[in-house]
Structure formats: structure tokens, C-alpha cells
Amino acid sequence: MEIATNVKLNPLYIVDRQDEIEFVHRATMVIKSILNRDGEQKQLQLGTTKMRLELADIIVEFENTLNKRIEDLKLKLKESNNHRECNVFLNEIDTLESVLGRLSDLKLGDKELWK
């Protein structure tokens, strides 16, 4: 199947998409780091307090990063007049807000363990 188009992408649009891909890659690395630390925490009983504090710091830092990204996307959404681009922004905002909700669940669940 072949789809033909005469649309040329704006170089700034391409750079913006590359930035978004890089952001998602960094977010993935942070999530992997959190998961790896969680696995290590279960395996090692020594130093658990320090690891829990580090994990909590990482989660807070990641939440702050996600909140900043959501605010940036909301500004782009307000400035955009392209329906397709608005949908992309809305989908990314919804995804990031979902991740924030899951992080909150993780923090609440860990409070039981942190006692």
C-alpha cells in the first residue's frame, strides 16, 4: 500500500518531534531505573532505608519532569491551530497524566512498606 502526499514538514516541527522522542526516551530510562531499584530493594535487605529515600527522590524528580512537560504541552496546545497537532498534544497529555496517576499509586502503596 502506498500513500502519497505533497506535504513538506516544517524543520521546526521535525526538531520538535525529535525533542519529544528524546523526552520519551529519557522518561523510559527513568522508569527502568525505578523498576531496577525496586527489584534491587526486594533482593537486598541491607541499606533499604537509603534505597527507599533514593527511590522517593527519583519519583519526585520524575513527577516534576512530567508536570513540566504537561504544562509545556498545554501551552503548545493553546497556541496550535492544527487539529491533528492538537490531537497529538492531547494524547500525550493524557498519557503523561496517566503515568503521574500510576506514580501516585506507587507512592501510596510504598508508604505501607516504608513504615
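The values are calculated or read from the model by the stated rules, or taken from the named source; none is laboratory data. All figures in this text were calculated on a predicted structure; none of them were measured in a lab. With ideal geometry, Cβ positions are generated from the backbone for all residues, glycine too; neighbour counts draw on all protein chains shown.
Results, tabulated for the structure shown:
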quantity: Looking only at region 30-71, and only at residues there that are loosely packed, with under 14 Cβ neighbours inside 10 Å and modelled with pLDDT of 90 or more, the one that is farthest from the chain's Cα centre (by Cα); calculated: E71
quantity: Residue pairs meeting the criteria (Cβ under 6 Å; at least 6 apart or on separate chains; first in contact (Cβ under 8 Å) with a residue 60 or more places away in the chain, in region 71-100; second surrounded by 15 or more Cβ atoms within 10 Å (Cβ to Cβ) and in a helix (DSSP H, G or I)); calculated: E92/L73
